[in-house]
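These notes are about the structure you will find just below.
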Amino acid sequence: MQEAYEIGLDKDPTVTQLAADLERTRSAKLLLKREIEDKARPSRDEVKKIWESLTFVMKVRQIAVDTKQEAEEIRAAILHGADVEPFARDCSRADSRVHGGHLVATFGQMEPAWETIVFALEPGEVSPVIATQSGFEVVIVENRVDVDRPPFDEVAARIENVLYKRRLEERRKEFLEELWAKYPVLFSPVAMTTADPEAVLEPLLALEGAARKMADDPAIAGEVRKYREYVMESLLFRDHIFKGLAVPDEENRKYYDEHQNEFVAPEQRRVAQILVSNEKDGVTVRQALAAGTEFEIAVKKYSRDPISAMQDGDLGWITPDKVPAAFKPVLAMAQGEVSKPIQSPGGWHLIKVKEIKPARQLTFEEVKDKVARKTLDIRKEAARKRWVEKLRAAATIEVDDAAIKSFVKANEFSGAPPPQHTLQ
């Protein structure tokens with residue numbers, strides 16, 4: 001990294017841009033956490049206040065429709081004495097329609113606006129039309145039933161979660177309005193007609209994050225520094241240490257000729273199975289196969305694996321490196337042979353070897369891309385070693401005994417977290 005800084009890679013446009021992007025993203029995330037997530041979190045007193053109100057449930061009939069006009073017409077008809085039943089069953093699209101609109105409601109079950117209106121009604125009253133996220137509702141209160149309040153510890157977490165989710169969106173809108181008011185936003189004439197507050201949230205967060213110096217937060221600063229140096233190191237290798245590295249075709253061919261054992265296609269075996277529940281059934285099925293029952297017929301008659309059974313038990317091709325330990329004996333079987341019952345967590349397997357493809361030497365044309373990557377990696381490693389040797393030869397290393405003793409003394413455990421130090 002000293003070398004990367006020495007040649008000015010910290011000023012490289014790619015480095016500065018990527019570091020700035022990360023800094024902006026992390027600053028916005030921290031800002032949103034502090035201004036929205038943290039401020040949306042309800043206090044214990046607020047949770048307790050809701051808990052104290054959990055002394056009743058509302059028995060209602062719910063009618064949910066798509067348009068406000070339809071809801072107004074249904075409400076007017078009910079107020080003039082119309083039967084609620086056909087509206088609740090035939091017109092409503094709420095899940096409660098299958099029960100004639102009957103619903104028992106308590107805190108946290110419905111939307112906040114719905115609860116505010118309905119929980120304030122008396123038995124027999126009809127709600128005004130309530131706008132919800134999915135449409136419009138009319139609610140008729142049938143009864144208000146007193147219930148025993150549950151223990152606070154049993155419901156506190158649920159109450160907190162409900163309040164938190166409700167306040168997140170509310171606080172998000174409030175914060176966005178604060179940013180819009182603080183930072184004048186100019187649109188082009190075309191964009192003026194379609195301006196969406198959400199569309200400018202990111203640049204507004206960037207402005208506010210910069211104003212609050214969110215990037216100075218130690219966690220953000222540390223992450224950005226590490227990422228900047230990671231990018232610098234990548235550029236150092238790409239544009240300096242490895243620049244111009246290439247491997248001629250004849251060297252690739254030479255590597256292939258000298259390392260042919262690295263380019264061998266392993267033996268392949270196409271296998272099929274019959275899966276049964278226990279070892280005794282496996283022995284019985286194997287005896288039936290030995291007596292002349294065709295494997296495909298036995299699969300359909302006995303196998304508990306419906307997927308492979310649809311393909312006559314076929315499991316496809318396997319290679320030695322991917323065979324579980326319990327199934328290793330299959331690798332020594334002859335073509336056409338059926339294994340003894342083999343146990344696995346799924347049951348007992350009878351494995352048949354349907355076909356064997358022996359291992360073979362891959363041609364240079366088949367693996368030339370893989371060879372090229374290997375030879376290039378070898379050159380890169382050699383270049384890296386040469387570069388490090390040059391840096392070591394040019395470097396002057398000084399040991400400051402006094403600084404070491406001071407550092408050790410300052411970091412001796414004293415029962416409290418040690419102070420932070422930066423070593424030069």
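The values are calculated or read from the model by the stated rules, or taken from the named source; none is laboratory data. Remember, it's a predicted structure, so these values are computed and weren't measured experimentally. Here the Cβ positions follow ideal geometry from the backbone for every residue, glycine too, while neighbour counts run over all protein chains shown.
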What number goes with the only condition from (1) within 27 Å of the chain's Cα centre (by Cα); (2) modelled with pLDDT of 95 or more that L9 does not pass? (1)
Failed item, numbered, when R89 is tested on (1) more than 30 Å from R167 (Cβ to Cβ); (2) touching a residue at least 60 places away in the same chain (Cβ under 8 Å): (2)
Just one of (1) at pLDDT 95 or above; (2) loosely packed, with under 11 Cβ neighbours inside 10 Å; (3) under 42 Å from the mean Cα position of the chain (by Cα) trips up A334, so point out which. (3)
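Residue-wise test of (1) under 30 Å from A383 (Cα atoms); (2) in contact with an Asp or Glu (Cβ under 8 Å, 6 or more places away or on another chain); (3) aromatic (F, W, Y); (4) surrounded by 15 or more Cβ atoms within 10 Å (Cβ to Cβ).
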| position | (1), (2), (3), (4) |
| --- | --- |
| K254 | yes, no, no, no |
| H259 | yes, no, no, no |
| A272 | no, yes, no, yes |
| A291 | no, no, no, no |
| T319 | no, yes, no, no |
Restricting attention to region 137-170, which residues are part of a helix (DSSP H, G or I), charged (D, E, K, R) and buried (at least 17 other Cβ atoms within 10 Å of the Cβ)? E160, R167
Which condition number does T396 fail, the rest of (1) within 22 Å of L236 (Cβ to Cβ); (2) part of a helix (DSSP H, G or I); (3) more than 39 Å from the chain's Cα centre (by Cα) being met? (2)
Within region 66-83, tally of residues that are touching a residue at least 60 places away in the same chain (Cβ under 8 Å), closer than 12 Å to E137 by Cβ and surrounded by 15 or more Cβ atoms within 10 Å (Cβ to Cβ): 4
Of (1) more than 30 Å from D239 (Cα to Cα); (2) out of contact with any strand residue (DSSP E or B) (no Cβ under 8 Å at 6 or more places or on another chain); (3) modelled with pLDDT of 95 or more, S53 fails just (3)
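Yes/no per residue for (1) in the same structural domain as N278 (by TED's automatic domain parsing); (2) among the basic types (K, R):
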| residue | (1), (2) |
| --- | --- |
| D314 | yes, no |
| D321 | yes, no |
| V338 | yes, no |
| K352 | yes, yes |
| V371 | no, no |
| E381 | no, no |
| E389 | no, no |
| K405 | no, yes |
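Okay, residues lined up against (1) of a type in the set (K, R); (2) at pLDDT 65 or above; (3) farther than 23 Å from K33 by Cα; (4) under 27 Å from the mean Cα position of the chain (by Cα):
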site	(1), (2), (3), (4)
K173	yes, yes, no, yes
E177	no, yes, no, no
F187	no, no, yes, no
A191	no, no, yes, no
T194	no, no, yes, no
A199	no, no, no, yes
E202	no, yes, no, yes
L205	no, yes, no, yes
G209	no, yes, no, yes
Kindly evaluate A20 against the criterion of being aliphatic (A, V, I, L, M), touching a residue at least 60 places away in the same chain (Cβ under 8 Å) and either farther than 30 Å from R149 by Cα or not assigned by TED's automatic domain parsing to the domain that holds E115 (or both). no
Could you please tell me which pairs satisfy a Cβ distance under 7 Å, a separation of 6+ or placement on different chains, a first residue in region 107-136 that is part of a loop (DSSP other than H, G, I, E, B), and a second residue that is of a type in the set (F, W, Y)? V129/F136
